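Before any comments, here is the structure.
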Amino acid sequence: MGEAATLFQIVIATMLFMVITFGIGFIVNMLIKTTWFPTYFFIVLIIVLAFWAPWGGDDEKLVDVISNYTFIDFIPVIGAIAGAIISGYAIRALRRGGYKMF
């Protein structure tokens, strides 16, 4: 039961992150009129938050911080990056379709 519940939570978290980053990326694309800025910004933000935030600044090395993450930690991040990329493709398709607002 515990393993199935954890798998269910990972799937839900991944879908939520994907939908949230798609929505934010879509809105930012409409406001700034750039297609891929939200994707690049999200990747830079994740790199900074993933490596700098848990780093205590003590004698702990960056390799030790990175080695604390597991594959399960990266699955929602991959879903969020996919949502940002899909928002870029959606905006590009709308622009090519003649929608000037996007």
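Brief remarks follow.
- Under the condition of being exposed (fewer than 14 other Cβ atoms within 10 Å of the Cβ) and either more than 14 Å from ARG95 (Cα to Cα) or in contact with a His (Cβ under 6 Å, 6 or more places away or on another chain) (or both), the residues counted in region 28-42 number 1.
- Scanning region 62-73 for residues that are touching a helix residue (DSSP H, G or I) at 6+ places or on another chain (Cβ under 9 Å) and not charged (D, E, K, R) yields LEU62, VAL65, ILE66, TYR69, ILE72.
- The condition of being modelled with pLDDT under 90, crowded, with 17+ Cβ neighbours inside 10 Å and not polar (S, T, N, Q) holds for GLY25.
- Positions within region 51-102 being modelled with pLDDT under 75, of a type in the set (Phe, Trp, Tyr) and in a helix (DSSP H, G or I), in sequence order: PHE51
The values are calculated or read from the model by the stated rules, or taken from the named source; none is laboratory data. Given the structure is predicted, the values throughout are model-derived calculations rather than measurements. Counting neighbours? That spans all protein chains shown, and the Cβs are built from the backbone with ideal geometry, glycine included.
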